[in-house]
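What follows is a short report on a single structure.
Nothing in this text is a laboratory measurement; each read-out follows from the coordinates by a stated rule. The shown structure was predicted, so the numbers you read here are calculated from the model rather than taken from an experiment. In this analysis, Cβ positions are derived from the backbone assuming ideal geometry, glycine residues included, and neighbour counts consider all displayed protein chains.
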């Protein structure tokens, strides 16, 4: 299977670059097994096993809102419901240890049959309020 049409990368601006870098290192490296690819003075990039990448860079202090035109949310794959649950607990622990009040859980792990049979996910935000999701989607083949 080639890369044609696959997501290449997503680039996000952050209001607090250092806080976001710490958060995304936890999320992408510690939980989702991405590798840090490159860091220069004004951006950092992580690459997943499938070749897709996430970048962050410093931005302004304008708050993000998911209903403003543009990005609504990012969803990452998990392999099982148990893995979604495990990641949920690790995210809660990370938030508590880092006093990261800007990153919050929006919805605890649950079934979402309206998105397809077996769809199970957790919703949370990054430090800038960007909605994130970790989901297992057995119906998406």
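Computed quantities for the displayed model
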quantity: 72, 64 arranged by Cβ crowding within 10 Å, fewest neighbours leading; calculated: 72, 64
quantity: Full-extension gain in nm, residue 140 to residue 8, via 0.36 nm per residue minus C-alpha separation; calculated: 45.6 nm
quantity: Gain on full stretching of the segment that runs from residue 22 to residue 52 - 0.36 nm per residue minus C-alpha separation; calculated: 8.8 nm
quantity: Point-to-point label distance, residue 110-residue 60, nm (Cα→Cβ direction, 7 Å offset); calculated: 3.6 nm
quantity: Scaled radius of gyration (Cα, divided by 2.2 N^0.38 Å) that the range 1-94 gives; calculated: 1.15
quantity: Between the range 71-141 and the range 1-61, the Cα center-to-center distance that results, in Å; calculated: 17 Å
quantity: Full-extension gain in nm, residue 102 to residue 43, via 0.36 nm per residue minus C-alpha separation; calculated: 19.2 nm
quantity: Rg [Å, one decimal], Dmax [Å, integer] - the range 55-141, C-alpha atoms; calculated: 13.9, 40
quantity: Value at 222 nm in deg cm²/dmol, rounded to 500, when DSSP H runs of n ≥ 4 in the chain each add -39,500 (n - 2.57); calculated: -6000 deg cm²/dmol
